[in-house]
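What follows is a short report on a single structure.
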Amino acid sequence: MIAEPWASLTIVGASIAILIFMVLRWKVPAFIALLVIALATGIAFGADPADVIAAVRKGTGEALGFVAVVIGLGAMLGGLLEASGGVGTLANRLLDAFGESRAPWALVVVGIIVGIPLFFDVGFIVLAPLVTTLALRARRRVMYFALPLLAGLLTMHALLPPHPGPVAVAELIGTDYGLLALYGLACGIPAALVAGPVFAVLTQSKAGFGPSGPPPRFDEEAPAVANIGFTPALAGMLIPLTLILLAALATGVLAEGTLRTVLEFVGHPFTALIIACAFVGMWLRFRLDAPLQTVSDVMTRSLAPAGLMVLVVGAGAAYKEVLIQSGAGAQITAAVSAFDLAVPVFAFLLAAFIRVAQGSATVAMVTAAGLAVPLIQAAGLSPGQIALVTVTIGAGASVASHVNDTGFWLVKQYLGLTEAETFRTWTVSATIAGAVMFAVAMLLWSFA
């Protein structure tokens with residue numbers, strides 16, 4: 001491997017630039033482009049070809065072991081709710097209750113609430129059908145409704161327990177969890193509002209910010225069944241969210257025992273989504289007398305578009321793993337540590353550099369926290385300031401979601417965007433969220 005930090009940074013920057021050029025200019029399918037760049041980057045770092053292949057396999061396998069199952073189950077649940085008119089009913093109720101102009105503000109609240117217990121990808125996959133149907137009903141760009149939801153999910157994922165990044169940082173630097181929750185919400189909510197509904201409203205009419213019309217249905221030719229109605233549709237949407245929340249609470253509150261084991265099992269995303277699919281499917285079959293073959297056809301057809309999503313996300317994870325195993329994050333850390341910066345500024349910039357270089361927000365947060373420990377100890381920071389350092393690390397790890405981040409491809413594929421449109425919307429929104437989180441943390445620094 002290359003030992004010089006700036007040489008590593010050059011390789012990382014060149015690989016990202018070439019990947020973007022391949023996808024945007026040469027129109028190479030993202031799945032192929034990501035795999036080619038992952039292999040080429042590993043070779044450029046001087047790794048043995050067998051090790052590069054192993055890193056690609058490891059990254060793909062680890063991502064798809066979880067994400068593929070969640071995407072597949074989420075697609076089936078969304079297909080059932082769409083074919084039965086359930087998502088349309090929920091979208092109409094939301095528009096009727098808040099109005100089209102206030103719907104983005106309602107969605108950012110949904111994103112914040114759902115984002116506290118749920119991982120970003122799980123919350124997005126479960127709620128994506130609602131967003132696309134809202135865009136259809138209102139005949140607006142899908143990002144007008146998606147950005148508020150995404151911003152709420154992103155900020156909570158970066159700042160609050162039980163998400164792995166904030167928990168890992170808190171353990172490494174000794175953050176008080178109560179203060180982390182307080183400052184995380186104080187910094188995360190303004191960031192979600194600015195990066196979500198404010199950004200969406202300001203950019204809704206600009207060219208290049210997504211298709212000018214609403215997105216197509218998931219499957220125009222899917223067999224339709226009788227309308228499921230508002231209450232069962234809402235239950236189908238809330239079942240996985242509720243079960244996953246109960247599992248998180250059980251892990252943090254209950255002692256080891258049968259009840260905790262059961263709640264953790266039914267609250268795992270796999271189990272929770274299976275239960276939700278079974279509930280909606282049985283409601284359609286036994287309450288609305290939908291033919292069993294029709295219900296089966298809807299679920300099977302919904303898996304077709306999920307296949308491409310799975311492949312792209314897996315290839316993105318392979319590229320990320322090559323960058324992680326190359327040691328690029330550690331070398332960039334060494335380069336940034338050469339500058340004499342205040343602890344929160346240093347933590348933010350370091351997390352942001354690593355995030356841009358290798359894509360994983362969690363890896364960026366853990367790496368930045370590990371280097372910040374001696375600085376925090378030497379600076380004699382208060383418990384509140386330590387909590388704010390945790391926030392600035394999460395802020396840095398949120399910026400510039402791009403081609404080496406699996407979240408970038410998840411948003412692109414699910415919402416039917418081009419790569420350029422995803423850059424102009426999701427990447428910019430994530431960067432705004434990180435910048436606002438950092439700015440609010442610095443405003444609170446002298447009071448902590």
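The values are calculated or read from the model by the stated rules, or taken from the named source; none is laboratory data. This structure is a prediction, so every number in the text was calculated from the model and none was measured. Reconstructed Cβ throughout: ideal geometry from the backbone, glycine too, with neighbour counts over all protein chains shown. Ligands, DNA and RNA are excluded from the accessible area calculation, which covers all protein heavy atoms including side chains. Shrake-Rupley method; radii C 1.70, N 1.55, O 1.52, S 1.80 Å.
Ranked highest first by average number of other Cβ atoms within 10 Å, how do 32-40, 383-391 line up?
So the order, starting with the most tightly packed, is 383-391, 32-40.
Size of the dipole of region 1-153 about the Cα centre, Lys and Arg at +1 and Asp and Glu at -1 on the beta carbon, nothing else charged, in debye to 20?
That gives a dipole near 600 debye.
I need the helices of the chain that pass two filters: whole DSSP H segments spanning 24 Å or more by Cα along the axis, and mean Kyte-Doolittle score no lower than 1.0.
Span-like helices in the chain: 5-24, 49-83, 120-138, 142-159, 230-253, 361-379, 428-445.
For the chain, place one equal point scatterer on every Cα, skip the solvent, and apply the Debye formula. What is log10 of I(q)/I(0) at q = 0.06 Å⁻¹?
-0.25
Alpha carbon centre of region 152-183 versus region 69-115: separation in Å?
Cα centroid of region 152-183 versus Cα centroid of region 69-115: 27 Å apart.
Net charge near residue 21: determine it from the other residues with C-beta under 12 Å of the C-beta of residue 21, scoring Lys and Arg +1 and Asp and Glu -1.
After counting each charged neighbour, the total is +1.
Starting from the Cα of residue 58, draw a straight line to each of the lysines and keep only those under 23 Å, dropping any in the same chain fewer than 8 residues away.
Within reach: 320.
If all Cα-Cα distances of region 335-448 are sorted into 10 Å bins from 0 onward, what percent lands in each bin, rounded to whole numbers?
Bin by bin from 0 Å, the calculated values are 15, 43, 27, 12, 2.
Find the accessible area per residue for the chain; the probe is 1.4 Å, ligands and nucleic acids are left out, and the unit is Å².
Normalised by residue count, the accessible surface of the chain is 39 Å².
Students often check this: by mean Cβ neighbours within 10 Å, which of 254-261, 291-298 ranks highest, and how do the rest follow?
The most tightly packed comes first, giving 291-298, 254-261.
Got a sec? What order do 299, 442 fall in by accessible area at 1.4 Å, biggest, i.e. largest, first?
Ranking 299, 442 by accessible area, largest first, yields 442, 299.
Which one, 183, 148, 133, is farthest towards the positive end of the dipole of the chain when Lys and Arg carry +1 and Asp and Glu -1 on their Cβ?
Checking the options against the dipole of the chain, the answer is 133.
For a protection proxy built on the mean count of beta-carbon atoms within 10 angstrom, sort 96-109, 69-82, 415-428 highest first, please.
Sorting 96-109, 69-82, 415-428 by mean packing, highest first, produces 69-82, 415-428, 96-109.
Can you tally the net charge around residue 419? Count Lys and Arg as +1, Asp and Glu as -1, for every other residue whose Cβ sits under 12 Å from the Cβ of residue 419.
It works out to a net charge of +3.
Tell me the mean residue ellipticity at 222 nm calculated for the chain from its helices only (DSSP H runs of n ≥ 4, each -39500 (n - 2.57), averaged over every residue, nearest 500).
The per-residue figure over the chain is -25000 deg cm²/dmol.
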